[in-house]
Amino acid sequence: EQKQTINFGAGPAKLPQSVLLQAQKEFLSYSGMGISVLEMSHRSADFNKILTKTESLLRELLTIPDNYKVLFLQGGGSGQFSAVPLNLIGLKEDTCADYLVTGTWSEKAAKEAENTAKSTLSTRSWTVTRVKIPDPSSWTLNPSASYVYYCCNETVHGVEYNFTPETNGVTLVSDMSSNFLSRPVDVSKFGLIFAGAQKNVGCAGVTVVIVREDLLGHALNDCPIVLDYKVQADMNSLYNTPPCFSIYIMGLVLEWIKNNGGSAAMEALNKQKSSMIYDIINASNGFYECPVDETCRSRMNVPFHIGSKEGDEGLEKEFLAGASKRGMISLKGHRSVGGIRASLYNAVTLEDAEALGTYMKVFMKEH
Ligand code: PMP
């Protein structure tokens, strides 16, 4: 294997080397056809094979029940911030939704929901905390809400739910953009799950939506047609041209996940990688500081400061420069929170995480 830069980016993120090599091999002529996937009609039998294979791998890896549709859409996670309220707010007369706000991404979703259907919708967002998920016994969910929305892994703040919220029968919607297929999930507990591919399952351009069939057909009249789940479900995600190449890459990544033991194996590996880094932080006597409560530390995105709780800017700069010298890139924290963030998605290997751990120990000793 060729020696590579170690990419700890939050997304777009590292892809498995074998996937990149396979895509390279097939790039000019897919399956002996003499044309690239990039040049293929989305309505051709050959692309249909790619689409069908990708969907069935997803269904297999997540044991998606038959009464759920799988859609491959454009517009990213952000597009879903609008699509979710446009399609689901009309499920109940009260047209109200509950948003659990635990970081940047759920907050953006809540704001967009308010913007999206101002005349129709009332959202209640609450629990504004970025370091701890309040105990569910303290939540006051509205039983007549059309849905409850949460972000399963807050990419910026490194806050991850390690439980599925209980909503007492209200439809549950989750943004799993940054922990999709990083662990097993019981899809039957959800009305809808969405995830951009560019972290754990592929490259940018395609967003997966897994939606229970009975939730289709409730879109508001002014819902743009490309965002209407029923239209896309009826057309097998081919109402308009889908992101063909991104779907192809996702298929390759899903095959890689399957060959490497599926979601349970990904979970075991992700636990191992992240706890190794958190252990170093915990044992550093405050040299490294992770602001997130131990009960909800993300296995995907590990944020920390160096030198003090707020972070010593000079030390953090030095840390990043040293990391870069060792071939480790994209460790800078999100611009809104600063500090360091190590993203440890599926394709980041144990050796990659060990290289970071070793560097963290050396850096601490030297300072
Ligand atoms: N949700 C989460 C959890 C994210 O991490 C991101 C992007 N980092 C988004 C939504 C937005 O995705 P996109 O940029 O594809 O619109």
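Search segment 131-146 for residues being under 24 Å from the mean Cα position of the chain (by Cα) and in contact (Cβ under 8 Å) with a residue 24 or more places away in the chain, and hand back the single one that is surrounded by the fewest Cβ atoms within 10 Å (Cβ to Cβ).
Only one residue tops the list, namely Pro136.
I'd like the residue in segment 255-298 that is assigned to a helix (DSSP H, G or I) and among the hydroxyl-bearing types (Ser, Thr, Tyr) and, out of all such residues, is surrounded by the fewest Cβ atoms within 10 Å (Cβ to Cβ).
If we filter segment 255-298 for residues that are assigned to a helix (DSSP H, G or I), which is where we start, we get 255-259, 262-282, 294-296.
Next, only the ones that are among the hydroxyl-bearing types (Ser, Thr, Tyr) stay: 263, 274-275, 278, 295.
Details: Ser263: 20, Ser274: 23, Ser275: 14, Tyr278: 19, Thr295: 11.
Checked segment 255-298; the qualifying residue surrounded by the fewest Cβ atoms within 10 Å (Cβ to Cβ) is Thr295.
Applying the selection to segment 56-78, what residues are within 16 Å of the ligand (Cβ to nearest atom) and hydrophobic (A, V, I, L, M, F, W, C)? Can you show your working first?
Looking only at segment 56-78, we keep the residues that are within 16 Å of the ligand (Cβ to nearest atom), and these are 71-78.
Leu71, Phe72, Leu73, listed by residue number.
All but one of (1) more than 16 Å from the chain's Cα centre (by Cα); (2) within 16 Å of the ligand (Cβ to nearest atom) hold for Val201; state the number of the condition that does not hold.
(1)
Could you list, ordered by first residue, the pairs with Cβ atoms under 8 Å in which the first is in segment 185-196 and touching a residue at least 24 places away in the same chain (Cβ under 8 Å) and part of a strand (DSSP E or B) and the second is within 16 Å of the ligand (Cβ to nearest atom) and acidic (Asp, Glu), at least 6 apart or interchain?
Phe194/Asp175; Ala195/Asp175
Please name all residue pairs, on different chains or six or more residues apart, with Cβ atoms under 9 Å, provided the first residue is in segment 351-367 and is over 12 Å from Phe287 (Cβ atoms) and the second residue is hydroxyl-bearing (Ser, Thr, Tyr).
Listed by first residue and then by second, the contacts come to Ala353/Ser274.
Taking segment 79-93 only, how many residues are away from the ligand (no atom under 11 Å from the Cβ) and either over 17 Å from the mean Cα position of the chain (by Cα) or not β-branched (Val, Ile, Thr) (or both)?
Step one: of segment 79-93, the residues away from the ligand (no atom under 11 Å from the Cβ) are 83-93.
In the following step, the residues that additionally are either over 17 Å from the mean Cα position of the chain (by Cα) or not β-branched (Val, Ile, Thr) (or both) were identified as 83, 85-93.
Result for segment 79-93: 10.
Would you say Val156 is away from the ligand (no atom under 11 Å from the Cβ), assigned to a loop (DSSP other than H, G, I, E, B), touching a residue at least 24 places away in the same chain (Cβ under 8 Å) and under 30 Å from Gln17 (Cα atoms)? Walk me through it before giving the result.
On the way: away from the ligand (no atom under 11 Å from the Cβ): no; assigned to a loop (DSSP other than H, G, I, E, B): yes; touching a residue at least 24 places away in the same chain (Cβ under 8 Å): yes; under 30 Å from Gln17 (Cα atoms): yes.
No, not satisfied.
Taking the conditions exactly as written (surrounded by fewer than 20 Cβ atoms within 10 Å (Cβ to Cβ), at pLDDT 95 or above and either within 28 Å of Phe27 (Cα to Cα) or touching a helix residue (DSSP H, G or I) at 6+ places or on another chain (Cβ under 7 Å) (or both)), does Leu252 satisfy them or not? Reasoning before the result, please.
Numbers: surrounded by fewer than 20 Cβ atoms within 10 Å (Cβ to Cβ): no; at pLDDT 95 or above: yes; either within 28 Å of Phe27 (Cα to Cα) or touching a helix residue (DSSP H, G or I) at 6+ places or on another chain (Cβ under 7 Å) (or both): yes.
No: the conditions fail for Leu252.
The values are calculated or read from the model by the stated rules, or taken from the named source; none is laboratory data. Here the structure is a predicted model, which means the values were calculated and not measured. Ideal geometry is used to build each Cβ from the backbone, glycine not excepted, and the neighbour counts take in all protein chains shown.
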